[in-house]
Amino acid sequence: MNAEQIDAARCEALELIAAAGCDAVLEELRVRFLGRKGMLPEMMKGLKDVPAPARGAAGKAANAFREELTAALAQRRQELSSPAAAAGAEFDASLPGRWRAAGMLHPVSRVIADAVAIFSRMGFVAAEGPDIETAWHNFEALNTPAYHPSLDDTDTFWLADGHLLRTQTSPVQIRVMEKQAPPIRIVTPGRCYRRDTTDATHSANFHQIEGLYVDRNVTLADLKGTLAFFAREMMGPGVKVRFRPHFFPFTEPSVECDFSCHVCGGKGCRVCKNSGWIEIAGAGMVDPRVFEKVGYNPDEWDGYAFGMGVERIAMIKYGVPDIRALYENDVRFLHAF
Ligand code: DAH
């Protein structure tokens with residue numbers, strides 16, 4: 001074997017070593033090149049047949065080759081043992097890709113995020129309050145007397161120490177007004193709890209978004225304009241809004257606000273119970289007695305407030321006929337949005 005042949009064998013061997021993907025292959029190559037019956041020992045044996053003048057050069061080349069192979073094997077072994085190399089070694093471009101589900105917001109979270117964004121464009125800031133409330137914040141300061149039926153055990157989850165799970169987000173109005181002087185413009189999303197039997201439109205645990213605006217010379221027209229703007233931004237320009245007189249202890253006058261049913265376009269369907277309308281919010285002008293409870297002067301300040309049902313909005317916006325689908329977290333359902 002002359003020096004040229006050695007060089008050709010050397011190139012091939014180094015290429016094979018560099019391409020080895022795991023230790024087993026590397027070991028096979030070591031045996032093939034350096035093992036007792038491997039290429040190198042054979043080459044050494046063959047040296048005796050090389051004509052004398054060239055024998056010295058061939059011997060040197062063979063020795064250099066052996067050293068180079070030994071070093072290349074060691075280097076590749078080290079590369080394979082490092083994590084980065086291991087990842088590369090496992091990668092097989094011919095395998096089909098693995099499908100990974102992209103995370104997404106739950107429809108309830110999405111409605112809350114969208115609503116807060118819409119109201120923030122009208123100057124409202126988000127506020128939050130606790131789920132476990134005092135009777136003062138949830139009822140009394142909201143002008144709801146202790147004999148009101150909503151305080152019954154059959155309606156409200158009372159805790160042993162006299163606290164309760166808030167039945168509405170309205171107590172956050174009180175908490176903010178107790179701490180802060182007017183003007184106030186807040187929206188407060190959150191969870192609410194009532195002893196309701198679960199059915200297609202009721203759940204013992206649901207979400208509301210409360211709004212409160214306190215300033216000088218606030219009128220019912222401001223409230224109507226705000227909710228109508230919100231409806232169009234949330235549901236699209238085709239939505240109709242109507243207000244019906246109602247009663248709430250903490251507002252006077254009080255209204256209920258309905259959106260035209262997005263599912264049937266107002267014609268009547270299962271979701272809107274054939275009425276063409278869905279009740280979305282309770283609202284009204286803040287009762288002067290509520291201002292008195294938090295120490296505001298009712299002669300100086302006016303305000304409006306509203307509380308809307310998040311699940312209701314999600315149901316008509318996304319055409320969900322049963323509220324329970326929003327809580328079961330069946331990923332096939334959640335991926336539809
Ligand atoms: N808290 C009421 C409810 O859960 C909704 C509501 C009505 C909130 C009128 C308000 C309001 O802020 O002014 O039914």
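Taking every C-alpha pair closer than 8 Å and separated by at least 6 residues, the mean separation divided by the residue count of the range 18-81 gives a relative contact order of 41 percent.
Rounded to the nearest 500, the 222 nm mean residue ellipticity of the chain from helices alone is -12500 deg cm²/dmol, with -39,500 (n - 2.57) taken per DSSP H run of at least 4 residues. With everything on Cα atoms, drop me the angle between helix 220-235 and the longest principal axis of the chain, reported from 0 to 90° to the nearest 10. So the inclination is approximately 30 degrees.
Classify the range 3-89 as rounded, prolate or oblate, taking a ≥ b ≥ c as the square roots of the eigenvalues of its Cα gyration tensor: rounded when a/c is under 1.5, otherwise prolate if a/b is larger than b/c and oblate if not. Verdict is prolate for the range 3-89.
Counting Lys and Arg as +1 and Asp and Glu as -1 over every other residue whose Cβ lies under 11 Å from the Cβ of R195, the net charge comes to -3. Taking the chain, the Cys residues with no second Cys beta-carbon under 4.7 angstrom are C11, C22, C192, C257.
In this Cβ point-charge picture (+1 for Lys and Arg, -1 for Asp and Glu), the chain has a dipole of about 1300 debye about its Cα centre.
Roughly how tilted is helix 23-34, in degrees to the nearest 10 and between 0 and 90, from the longest Cα axis of the chain? So the inclination is approximately 10 degrees. Calculate how steeply helix 107-121 sits against the longest principal axis of the alpha-carbon atoms of the chain, using the helix alpha-carbon long axis, and give the answer as 0 to 90 degrees to the nearest 10. Approximately 70 degrees, to the nearest 10. Note: relative contact order over the chain, using C-alpha pairs below 8 Å and six or more positions apart, is 14 percent.
Going toward the positive end of the dipole of the range 108-334, with +1 on Lys and Arg Cβ and -1 on Asp and Glu Cβ, which of V172, H148, N205 do you reach last? It is N205, whose Cα lies furthest towards the positive end.
Charging the Cβ of each Asp and Glu at -1 and of each Lys and Arg at +1, and nothing else, the dipole of the range 132-258 about its Cα centre rounds to 520 debye.
Read the figures in this text as sums done on the coordinates, not as results from a lab. As the structure is a computational prediction, the values presented were derived from the model and not from experiment. Cβ: placed from backbone, ideal geometry, glycine included. Neighbour counts: every protein chain shown.
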